[in-house]
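Before any comments, here is the structure.
The values are calculated or read from the model by the stated rules, or taken from the named source; none is laboratory data. Note that the structure is a prediction, hence the values are computed from the model and not measured. Here the Cβ positions follow ideal geometry from the backbone for every residue, glycine too, while neighbour counts run over all protein chains shown. Keep in mind that these areas ignore ligands, DNA and RNA; they rest on the heavy atoms of the full protein, side chains included. Shrake-Rupley method; radii C 1.70, N 1.55, O 1.52, S 1.80 Å.
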Amino acid sequence: MMKQQKLRVALILPAYNEAAVVGDVIKNLHKVFASSAYDASIILVDDGSVDGTARVAEQAGANVIRHILNTGSGGATATGLAYAREQGFTLAATLDADGQHDPHDVLKGLDEQLSTSADLLIGSRLMGDSTEHMSLVRRFLNRSASLVTFVLFGVNVTDSQSGLRIFSKNALENLRWRTTGYEFCSEMLWRARQANLVVTEYPIKTIYTDHSISKPNGQSSWNAFNIVKTLIRQRIVELFSE
Amino acid sequence: MSRYLLLIILNAPLVIAGLIGALVEYKTRRISIFKWLGTTVIWLVIFGGIIGVQPALTFLHEHHKIRAHEMSLFDVLEITGIIYILFMANRSRIKTDRLEQRVQDLHQELSIRLSEKQDQ
C-alpha cells in the first residue's frame, strides 16, 4: 500500500530575546508534531536578539533566520512567511516564541484549516471559556483592539491581536502587510479582506507565563496606544485603498 | 493680467500634474481604482475651489461680508504656496512609502539568503 505523504507545514516563531524559554518551546513543538500527520519544520526568525536566542533555537533543532536589524514582530513574521513561501510549504502557522501557545492548539488549528478550508485561521483567546486566565485589563485591551480593528478596517473578529495564526497556501501567496510592529496583527486582517481571503477563528487556551508577563519588549498595556495610533495613521494614509 | 487669472495660471499645472500622476499610478497598477478615484476627487475639489475664489469673493463683497472686492497679490501667492506644499507633501509621502517598502523587502531577502548561506 502506498504511504500517504504528510503535509509540509512551517511553524514560524518570530522571536526577540527569548533565549530563556525558546528552547523548551521548540522541544515541545517537536514532541507534539513528531506523532502528528504533518511534516513540520520549525522556523525561528531571530529579530536581532542579543541574548543568544538564535543559538538556543538551533541547539533545540529549529531552522533559524537571523534578522540583520531589529524590525519588530510584524517584520519577523513577514520574513518567516516569505521563507515558507519560497520553500514551498503547503501550510504555515505562526505562534509566539515565549511559550504563550499550547502546541496542541497549533495542531488543532491545522486540522481545523483542512476541514474548513479557511485561508487565515486565528486562534482566539477570547472565544469560549478560555478567558479565565487572562487579567481583566488584558481582556479589556484585547477586546478594544478588536473593536478598533472593526471600526478602522471593517473586520469583525474576537481576538485581533492573537499571535497564533494558520495560513493556507493561498494566504501564503497573497498576504502582505506594511507595518512591522505589533500593529501588523490588525493590518494583516485588513489585507486579508482586501485580498478576498476567508478569515475565521477557533478557540485556544490562554497561557500567560511569568516570562511573558515580565518581558519589557512585549505587548504591554501601554503599547496598545502606540498600536492604535499607527493603525489610525495607516488607515488615513490609505483612505481610498479599499 | 488680473490676479484671478494669475491664480489659475499658477495652480492649474499643479492640479493637472496631480491628476495625471494619480492616473499613471492607477494605470501602472500601483494603486487601486478607489484610491485613484479618491485622489482625483481631491484634486478636482481643489481646482473647483480655485475657480470659485473670485465668484465667492464677489458674492461676499456684494453682501457686505468683506471689504475687499478682489484678491491681493499676497492672497494669490499664499493659495499657490499651500497647494504647492500639498502637492510636494503627497509626492514625498508616496516616495518615502515606496522606499520604506523596498528597504523592508531587501532586509527580509538578505536575512533569508545570509541564513541559508550560514547553514550550508
Quick count over region A:140-162, residues being open to solvent by less than 40 Å² (accessible area, probe 1.4 Å), more than 23 Å from A:Val237 (Cβ to Cβ) and without any contact (Cβ under 8 Å) to a residue 24 or more places away in the chain, is 1
Take B:Ser115 and tell me if it is more than 18 Å from A:Arg176 (Cβ to Cβ), within 14 Å of chain A (Cβ to nearest Cβ) and among the small types (Gly, Ala, Ser). yes
Which residue, of B:Gln101, B:Gln120, B:Gln108, is of a type outside the set (Val, Ile, Thr) and more than 10 Å from chain A (Cβ to nearest Cβ)? B:Gln120
Going by the structure shown, is A:Val137 more than 14 Å from A:Tyr202 (Cα to Cα) and in contact (Cβ under 8 Å) with a residue 60 or more places away in the chain? yes
Extreme residue, least open to solvent (accessible area, probe 1.4 Å), among residues of region B:64-105 that are of a type in the set (Lys, Arg) and in contact with a helix residue (DSSP H, G or I) (Cβ under 8 Å, 6 or more places away or on another chain): B:Arg93
Among the listed residues A:Val45, A:Val50, identify the single one that is open to solvent by less than 20 Å² (accessible area, probe 1.4 Å) and either within 20 Å of A:Arg176 (Cα to Cα) or free of Cβ contacts under 8 Å to residues at least 40 places away in the same chain (or both). A:Val45
All but one of (1) surrounded by 23 or more Cβ atoms within 10 Å (Cβ to Cβ); (2) in contact with a His (Cβ under 7 Å, 6 or more places away or on another chain); (3) assigned to a loop (DSSP other than H, G, I, E, B) hold for A:Ile68; state the number of the condition that does not hold. (1)
Is region A:81-93 home to any residue that is within 14 Å of another protein chain (Cβ to nearest Cβ), open to solvent by 30 Å² or more (accessible area, probe 1.4 Å) and without any contact (Cβ under 8 Å) to a residue 12 or more places away in the chain? yes
Odd one out for B:Val41, checked against (1) open to solvent by less than 80 Å² (accessible area, probe 1.4 Å); (2) over 19 Å from B:Gly81 (Cβ atoms); (3) in a helix (DSSP H, G or I): (1)
Among B:Leu57, B:Leu110, which is the only one that is open to solvent by 50 Å² or more (accessible area, probe 1.4 Å) and either among the basic types (Lys, Arg) or in a helix (DSSP H, G or I) (or both)? B:Leu110
Of the conditions (1) under 18 Å from A:Tyr202 (Cβ atoms); (2) surrounded by fewer than 24 Cβ atoms within 10 Å (Cβ to Cβ), the single one that A:His101 does not satisfy is (2)
